[in-house]
Structure formats: C-alpha cells, structure tokens
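Written out below as structure tokens is the structure these notes cover.
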C-alpha cells in the first residue's frame, strides 16, 4: 500500500496535515511515559510528542515507511521502530498509551483482522491505559457522494508543488471505499515526476467500532470531531477520533 514513490514523497506531500494539533490532543488526553504508535508511518506523531524520558515504539506493515522513521529518529535512543503488524508485535504489555492515527482502522478490510487488532491493543495496554484512534465517520461517508478531486499541495522545498488528481468510489452494501490517485510533481513549473497510488478502506459503522472496543475490555471515554478536537461529532464530520480506556 505505502511503497515506492509514495513513500519517497510522503512527508512532503502530507506536511499540510496538522500533526501538531493532533499531538496536542493526544498529550492532553493520555499519559505518555511509554507509547506505542500502531501504523506509525514515518513517525511524525511520535516526533511531535517526543520529550526526554518518554519511551516510544512504532510499528508499521510498510518496510519502507519504517526505514524512513528510523532515519528520522537516528539520534533518539529511546525510540524503537519495527516492521510488523500489531498481532506480530512481541514487546511486553503495559503501554500507558497506544495511538493509531490517520484512519488506520479503515485500512483493515476484514472483520476477523479488525477483531485481532482490538484484541492486541487491549492486551498491550496497561490497566487504565489509553487508546486513541481516528477514522472515517460512517454517517458522513454514506451521505457523501463519490467524487473526483483536484488538489494542489505546495512543497516545503522552494519552487516545488504537487498536483493530486483523485477519484473515490464507495460500495454502500459492503462499506468498501477505494481512492485512486495520480500525483504530478513539479519544480519551477516543470513536471519532474509522477506516480499513481491506490488506498483501500472499509468504512466501519461507529456503533460496531464501539462494540469491538467494549468486547475487548475497553470503554469509550469520548468521541470528538477532527475539525477542532473539542466538539461532539455530527453527521457531517468526515473524520472523528475515539478516546478509550482499558478497564481495570
């Protein structure tokens, strides 16, 4: 899924994502002595959360993303990254906080795998530990017609920009959503590269996610809109964030 040229340009392409605000929300809603980031990508959330004395672990199924994360943290002695899925992660439990951001839950397409995911999260959390994840709001996605988008992203490098041409399709019966993207890379108005990538998601109903959380010994403390991380969710909020606690 995340490989090749997408990985090469990933941090620059998504630098407009507000990791800082998301990290403040995580900071304000959890203890961060020992943290696991599931689906960590290149480690940007952990870098925003870093403070001396905190121990960070990040896992991702993309080997190339983990390589970038290791390069980003090569001067940090208490940050550990591993290329694996959550069910293959062998570190001992007692994580104060586990995070799983950028709709990782929706990248899990099979119910059995989703159950394994929540079970593993619960087993790795300490008593009263916090699990924070975001996802697509099923109500908003169902109401939103499949669409074509054309978006320009200005690069952090002077004179660079990306033109992203995307098409989203959604199957209302199965909840599967597919995003096909073409990215053209420009420098000083000259096209210097291009690539295609596809993201597949499954839009899980919010009530079903809450059932999974409860089933695996956790409780939902709150669900907020990603628009400001303060408001209660509405049917129009496309992205939402859950804050959960493991029951003692």
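The values are calculated or read from the model by the stated rules, or taken from the named source; none is laboratory data. Only a predicted model underlies this, so the values are computations on that prediction, with no experimental measurement involved. Note: ideal-geometry Cβ built from the backbone for every residue, glycine included; neighbour counts use all protein chains shown.
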Can we say residue 122 is buried (at least 16 other Cβ atoms within 10 Å of the Cβ), at negative phi, in contact with a strand residue (DSSP E or B) (Cβ under 9 Å, 6 or more places away or on another chain) and in a helix (DSSP H, G or I)? yes
Would you check if residue 248 is exposed (fewer than 15 other Cβ atoms within 10 Å of the Cβ) and either assigned to a loop (DSSP other than H, G, I, E, B) or in contact with a helix residue (DSSP H, G or I) (Cβ under 7 Å, 6 or more places away or on another chain) (or both)? yes
Closer than 22 Å to residue 175 by Cβ and touching a helix residue (DSSP H, G or I) at 6+ places or on another chain (Cβ under 8 Å): which single residue out of 62, 116 fits that description? 116
Among residues of the range 79-95 being in contact (Cβ under 8 Å) with a residue 24 or more places away in the chain and assigned to a loop (DSSP other than H, G, I, E, B), the residue surrounded by the most Cβ atoms within 10 Å (Cβ to Cβ) is 85
Tell me the residue from 200, 210 that is modelled with pLDDT of 95 or more and out of contact with any helix residue (DSSP H, G or I) (no Cβ under 9 Å at 6 or more places or on another chain), please. 210
Apart from one, (1) part of a strand (DSSP E or B); (2) outside the structural domain of residue 32 (by TED's automatic domain parsing); (3) surrounded by fewer than 17 Cβ atoms within 10 Å (Cβ to Cβ) all hold for residue 181; the odd one out is (3)
